[in-house]
Amino acid sequence: MSKLTPKERMAIPRHDMPEQDPKVRAHNFKEVNCGYTQEMAVEEANRCISCKNPGCVKGCPVNIKIPEFIAEIANENFEEAAKILKQDSALPAVCGRVCPQEKQCENNCILAKNGKSVAIGNLERFAADYEREHFGVRPPVVKPKTGKKVAVVGGGPAGLSCAGDLIASGHDVTLFEALHEVGGVLIYGIPEFRLPKDIVKAEVDALVKAGVKIETNSVIGMSDTIDELLAEYDAVFVAVGAGLPYFMNIPGEQLNGVYSSNEYLTRVNLMKAYKFPENDTPIFDIKGKTVAVFGGGNTAMDAVRTSLRLGAERAMILYRRSEAEMPARKEEVNHAKEEGVEFRTLMAPLEFKGDEKGYIYSMVLQQCELGEPDASGRRRPVPIEGAITEEKVDVAVVAIGNGSNPIIARTTPDLELNKRGNIVVDEETMKTNKKGVFAGGDIVTGGATVILAMGAGRKAAAAINEYLANPDKW
Amino acid sequence: MNKIIEARKLGPDTKLFRIEAPKIALKRKAGQFVILRVLPEGERIPLTIADSNIEDGTITIIAQGIGKTTKTLNALETGDYIQDIVGPLGKPSHIENFGTAVSVGGGVGTAIAYPTAKALKEAGNEVIGIIGGKSKEYIILEKEMNEVCDTLYPTTDDGSYGYHGFVTTKLQEIIDSGKKIDFVLAIGPVPMMRAIAEVTRPYGIKTMVSLNPIMVDGTGMCGGCRAIVDNKTVFVCVDGPEFDAHQVDFEVLTQRNRMYNPQEKNSLERHVCNLERMAQEAEKCQN
Ligand SMILES: Cc1cc2nc3c(=O)[nH]c(=O)nc-3n(C[C@H](O)[C@H](O)[C@H](O)COP(=O)(O)OP(=O)(O)OC[C@H]3O[C@@H](n4cnc5c(N)ncnc54)[C@H](O)[C@@H]3O)c2cc1C
Ligand SMILES: Cc1cc2nc3c(=O)[nH]c(=O)nc-3n(C[C@H](O)[C@H](O)[C@H](O)COP(=O)(O)OP(=O)(O)OC[C@H]3O[C@@H](n4cnc5c(N)ncnc54)[C@H](O)[C@@H]3O)c2cc1C
Ligand code: SF4
Ligand code: SF4
Ligand code: FES
């Protein structure tokens, strides 16, 4: 295939991801994207012109060797492609699915400038899935034991990838997770229809096979404190995520039927409330009802699309800025629209009203227009005078982001935090002000992305390795 | 999986469990709780740690069977296992030597009041206990409370035992008798805690209550347990569960606790039907 000229390569049209029919998928929890066939993957890989100085790699937060892995797919060496991916990413099957590619690697692909970028995310997903489906997730190869012990706190992407690298280096690794299942947002937040839970489980199983000890139902700070862990372990990596939902502080937010997106998604994903009453955790019965989700990020899209799958008659996004400012992945916005979600931008809620029993009944909305840019550089929504409406609504989901969870901070008073409650680290090594304690992921950055959390976990693992070899120098 | 070392009936629908959980036993302080799942497909429910034993690594919980999960739990016996338990959760009770402290427990609330009453006694307080129930069989932990209280008043709504009347009336009587009270901790059904708050408010007696909102994770992640205290939103699992009774918005708490009543009813009815079906099948097998 290498005979193709760049021109011929560029003439191949981009292969769209095969998807479930929107009308069908809006009512099931199966994955929306079906994945490339081998033929599609090879053809798509042939679109890449293997740039000498590839922009795509610079756009990827962990600098995956993109032209190299794509060339292996073009040559039908799918396993080799997966190996190249694993050099830089611990979770390619996950990131291929959930990365905001259009802002990262694909945005910087040379082909994006005169048409459509190479579908890097789809190819990444293909190679990782191929490997997992044919050989299972390979546990990391473990070096001889060092006799050092490391505690990893939090089982999200940051904690999992750090644990994987540390066990490979021969350390003894114990991962503590507050919930009864490991995976963090990948398990309780991102829904099955976007990220099948089996993929996360396969990754976790591989870590266990390699020797990582997993202690679920362990809230560090409440059971052992960080200081107590330090007495038993040579180093600690803190990756507890963001996870303290913001509310809008408007009247009526305490009404029954007003949820944070975290609660809404946790009930459905982790606790499987969509199977109620076979599973015991309830969620509002929203069949035939109207659901309003406030926010414009991935979390809002996940909540609104989940509502359709729970049987909502009307499911809508209300966002106070315009669509151009929405932080959600483009694909999620498009998928939501195809499935019938209503998008109502420049809408800010003023109040929720309830019936005599305290269940939400209506929402009072303020129409806005775009004004001058604010501190974030985005144009500020300005209320249009008098443009206030009241509409009936049965469930409201607040998806406006997360602050930092207070448990670790309250129980580790000498850990340095910034004004927003995030742990302060040295960006090169992820070390905190406390000797032997490292941190990474959303607890450091505030709500960010899976790939950044994964990258932080690996960076910390590398630094912890050096630290353990010579702690006195740190 | 955590093993039940002892299961013992305390009253109608109320059962005490000593469960193997060495780490929690070691760490827990009065006022803290656990969240447990009885079965893999079960709900996560919060229960207060009534006591613990560091030597044998057990914690004691006392549950009243009011819905599917608590009834499923209460059907378990010594030697059975619980799917999982996480804890200790929540802030410990604030304990100091206030002087004279009254510990009020209503129904299964006595189980929650007991560990704090014990801690108050250990801190040097004179502790007066008032424990109420509908009738005699609903009075729990009388012996244990007796051991940690200087004076104990059991009360029953129907007069079948102890003082005939509500815990609030008894508390009012004590106040009226001229006894100086420095601190009240009241735990029980929301209407009871609300009524106690109104009894002590005119006298400015510092009064704490333990709130029981619906919880999921218990780590501050979901916001489902939010309540209004002093006109501000709090997350009971990480900011509580104990709050100043005179500042709690009990209206909102009551309303939010009713949130899933239709689903809970459905779940319980199915559960009871299943139990009956199993009983019938068992009978058929015997015949
Ligand atoms: C609904 C939703 C959708 C998203 N969609 C996308 C997307 O499409 N693409 C993308 O790139 N990013 C997405 N994100 C963001 C992404 O999921 C996060 O940035 C990422 O998961 C952060 O990883 P983490 O390891 O830092 O933390 P988390 O994933 O939050 O994991 C932290 C873990 O620590 C545990 N924990 C917390 N406190 C303690 C404690 N005291 N002791 C022990 N364990 C503790 C938690 O239970 C959790 O399991 C989404 C987020 C949400 C909520
Ligand atoms: C901090 C705390 C400590 C508690 N300690 C005890 C205790 O020591 N002994 C005891 O018997 N009970 C205690 N409770 C109450 C106990 O958690 C509920 O009775 C139990 O969850 C009911 O579940 P169910 O499935 O049996 O009943 P359901 O039929 O599901 O519910 C009955 C009622 O219980 C409440 N409830 C339901 N689900 C939950 C949930 N996930 N979390 C909290 N409340 C819920 C609701 O108000 C509901 O209307 C405590 C609650 C809290 C918040
Ligand atoms: S990890 Fe994400 S940004 Fe990097 S190449 Fe893969 S899809 Fe693109
Ligand atoms: S920029 Fe695009 S075409 Fe160039 S190497 Fe990267 S993916 Fe291939
Ligand atoms: S139970 Fe989820 S925040 Fe308290």
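The values are calculated or read from the model by the stated rules, or taken from the named source; none is laboratory data. Because the structure is predicted, anything quoted here is derived from the model rather than measured. Cβ placement follows ideal geometry from the backbone for every residue including glycine, while neighbour counts extend to all protein chains displayed. SASA here: full protein model, heavy atoms, side chains in, ligands and nucleic acids out. Shrake-Rupley method; radii C 1.70, N 1.55, O 1.52, S 1.80 Å.
Here is how the numbers come out for the structure above:
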| quantity | calculated |
| --- | --- |
| Which numbered condition A:P18 misses (of (1) open to solvent by less than 60 Å² (accessible area, probe 1.4 Å); (2) of a type outside the set (F, W, Y); (3) touching a residue at least 24 places away in the same chain (Cβ under 8 Å)) | (3) |
| Matching entry among B:G159, B:G124, B:G132, B:G165 (being in contact with a helix residue (DSSP H, G or I) (Cβ under 6 Å, 6 or more places away or on another chain), in the same structural domain as B:E198 (by TED's automatic domain parsing) and not acidic (D, E)) | B:G132 |
| A:E68 open to solvent by 60 Å² or more (accessible area, probe 1.4 Å) and under 22 Å from A:M10 (Cα atoms) | yes |
| Pair list, Cβ under 7 Å, 6 or more apart: segment A:248-272 residue within 14 Å of B:Y260 (Cα to Cα), other residue open to solvent by 10 Å² or more (accessible area, probe 1.4 Å) and assigned to a helix (DSSP H, G or I) | A:N256/B:Q255; A:N256/B:R256 |
| Elements of type helices (runs of 4 or more DSSP H) contained in segment B:179-287, each with 3 or more residues being within 14 Å of another protein chain (Cβ to nearest Cβ) and either closer than 30 Å to A:V185 by Cα or within 16 Å of ligand 1 (Cβ to nearest atom) (or both) | B:236-239, B:250-257, B:261-286 |
| Subset of segment B:26-35 that is within 16 Å of ligand 5 (Cβ to nearest atom) and at the interface with chain A (Cβ under 9 Å from one of its Cβ atoms) - its residue that is farthest from B:K118 (Cα to Cα) | B:I35 |
| Residue in segment B:51-62 that is of a type in the set (S, T, N, Q) and open to solvent by 20 Å² or more (accessible area, probe 1.4 Å) present | yes |
| Segment A:58-73: number of residues that are at pLDDT below 95 and either not in a loop (DSSP other than H, G, I, E, B) or not assigned by TED's automatic domain parsing to the domain that holds A:S117 (or both) | 2 |
| Qualifying residue in segment A:65-86 (condition: out of contact with any Pro (no Cβ under 6 Å at 6 or more places or on another chain) and within 16 Å of ligand 1 (Cβ to nearest atom)) | no |
| Lone unmet requirement of (1) closer than 26 Å to B:I59 by Cα; (2) surrounded by fewer than 23 Cβ atoms within 10 Å (Cβ to Cβ); (3) not hydroxyl-bearing (S, T, Y) for B:G109 | (2) |
| Selection count, segment A:108-139, where residues are over 15 Å from A:I84 (Cβ atoms) and within 12 Å of ligand 3 (Cβ to nearest atom) | 7 |
| Residues that are within 22 Å of A:I12 (Cα to Cα) and open to solvent by less than 40 Å² (accessible area, probe 1.4 Å), drawn from segment A:88-103 | A:G96, A:Q101 |
| Of all residues making up segment B:174-197, the number that are surrounded by 14 or more Cβ atoms within 10 Å (Cβ to Cβ) and more than 16 Å from B:G106 (Cα to Cα) | 5 |
| Test for A:V182: is it in contact with a helix residue (DSSP H, G or I) (Cβ under 7 Å, 6 or more places away or on another chain), more than 11 Å from chain B (Cβ to nearest Cβ), modelled with pLDDT of 95 or more and in a loop (DSSP other than H, G, I, E, B) | yes |
| Residues satisfying the stated conditions in segment B:78-117, i.e. in a loop (DSSP other than H, G, I, E, B) and away from chain A (no Cβ under 14 Å) | B:T78, B:G79, B:D80, B:S93, B:H94, B:I95, B:E96, B:N97, B:F98, B:G99, B:G107, B:V108 |
| Subset of segment A:104-148 [buried (at least 17 other Cβ atoms within 10 Å of the Cβ) and closer than 20 Å to A:I214 by Cα] | A:V137, A:P139, A:P140, A:K148 |
| So A:G155, is it within 21 Å of the chain's Cα centre (by Cα), at positive phi and not acidic (D, E) | no |
| Candidate set from segment B:39-50 (those that are of a type in the set (A, V, I, L, M) and open to solvent by less than 10 Å² (accessible area, probe 1.4 Å)); member that is nearest to ligand 3 (Cβ to nearest atom) | B:I49 |
| Single unsatisfied condition, B:K206 versus (1) assigned by TED's automatic domain parsing to the domain that holds B:I130; (2) surrounded by fewer than 14 Cβ atoms within 10 Å (Cβ to Cβ); (3) charged (D, E, K, R) | (2) |
| Residue match in segment A:379-395 (condition: surrounded by 22 or more Cβ atoms within 10 Å (Cβ to Cβ), farther than 25 Å from A:A303 by Cβ, more than 24 Å from the chain's Cα centre (by Cα) and of a type in the set (V, I, T)) | no |
| Filtered residues of segment A:237-264 (kept if in contact with a Pro (Cβ under 8 Å, 6 or more places away or on another chain) and more than 9 Å from chain B (Cβ to nearest Cβ)) | A:M248, A:I250, A:S261 |
| Residue selected from segment B:26-38 under the condition closer than 18 Å to B:G218 by Cα and of a type outside the set (D, E, K, R), by the criterion farthest from ligand 4 (Cβ to nearest atom) | B:A30 |
| Residues of segment B:40-77 classified as away from ligand 5 (no atom under 16 Å from the Cβ) and in a strand (DSSP E or B), total | 10 |
| Cβ-Cβ under 6 Å pairs, at least 6 apart or on other chains, segment B:82-97 side within 13 Å of ligand 2 (Cβ to nearest atom), far side open to solvent by 10 Å² or more (accessible area, probe 1.4 Å) and charged (D, E, K, R) | B:P88/B:K27; B:P88/B:R28; B:P92/B:K29; B:S93/B:E242 |
| Segment A:219-230, residues that are surrounded by fewer than 19 Cβ atoms within 10 Å (Cβ to Cβ) and within 14 Å of another protein chain (Cβ to nearest Cβ) | A:T225, A:D227, A:E228 |
| Failed criterion for A:D285 (all others in (1) at the interface with another protein chain (Cβ under 9 Å from one of its Cβ atoms); (2) under 26 Å from the mean Cα position of the chain (by Cα); (3) within 19 Å of B:R256 (Cβ to Cβ) hold) | (2) |
| Selection from segment B:206-238 of residues that are free of Cβ contacts under 8 Å to residues at least 60 places away in the same chain, of a type in the set (A, V, I, L, M, F, W, C), within 8 Å of ligand 5 (Cβ to nearest atom) and more than 18 Å from B:I187 (Cα to Cα) | B:M221, B:C222, B:F235 |
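Rundown of residues vs (1) closer than 21 Å to A:V152 by Cβ; (2) crowded, with 16+ Cβ neighbours inside 10 Å; (3) among the basic types (K, R), yes/no style:
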{"residue": "A:E369", "(1), (2), (3)": "no, no, no"}
{"residue": "A:E372", "(1), (2), (3)": "no, no, no"}
{"residue": "A:S404", "(1), (2), (3)": "yes, yes, no"}
{"residue": "A:T411", "(1), (2), (3)": "yes, yes, no"}
{"residue": "A:D414", "(1), (2), (3)": "yes, no, no"}
